1. Going through 78, 61 one at a time, which residue ends up being exposed (fewer than 12 other Cβ atoms within 10 Å of the Cβ) and at pLDDT 90 or above?
2. Can you confirm whether residue 70 is in contact with a strand residue (DSSP E or B) (Cβ under 7 Å, 6 or more places away or on another chain) and at pLDDT below 85?
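The values are calculated or read from the model by the stated rules, or taken from the named source; none is laboratory data. Keep in mind the model is a prediction, meaning the values are calculated, not measured. As a convention, Cβ positions derive from the backbone with ideal geometry for all residues, glycine included, and neighbour counts pool all protein chains shown.
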Amino acid sequence: MIVRIMGEGQLDLTDADLELLNDFDGKIEDAIEKNDEATFRRALHDLLDRVRKDSKPLPPDSLEPSQFILPHADATMDEVRAMLGDEGLIPDVR
C-alpha cells in the first residue's frame with residue numbers, strides 16, 4: 001500500500017504492519033482526546049519511525065495514489081486533529 005508522509009514523499013508499505021500502525025494511531029487519538037502533548041508527540045514519532053523503517057521510498061517523481069496520508073513529524077495536535085477521520089489517520093483497509 002502507498003503511504004504519504006507530508007513533506008517527505010510517498011512510501012510503499014506492506015499490509016503486514018497495518019495492525020501495529022493502527023495501535024500507534026489509537027495512541028495518537030487517545031492523546032489528542034486527553035490533550036496529552038507528551039504522549040501525542042511520542043506516539044506520532046513512533047508511528048512515523050515505524051512507517052519509515054518498514055517501507056520502501058518511491059521515487060520523488062512518482063505520483064501514485066496514497067491509501068493514507070500521515071502528518072509530518074512536527075505537526076501539532078490541532079493539525080492532526082483536523083486530519084483525523086472516523087477511522088483515525090490509518091483507515092482499516094482489511
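1. When all the criteria are applied, what remains is 78.
2. no
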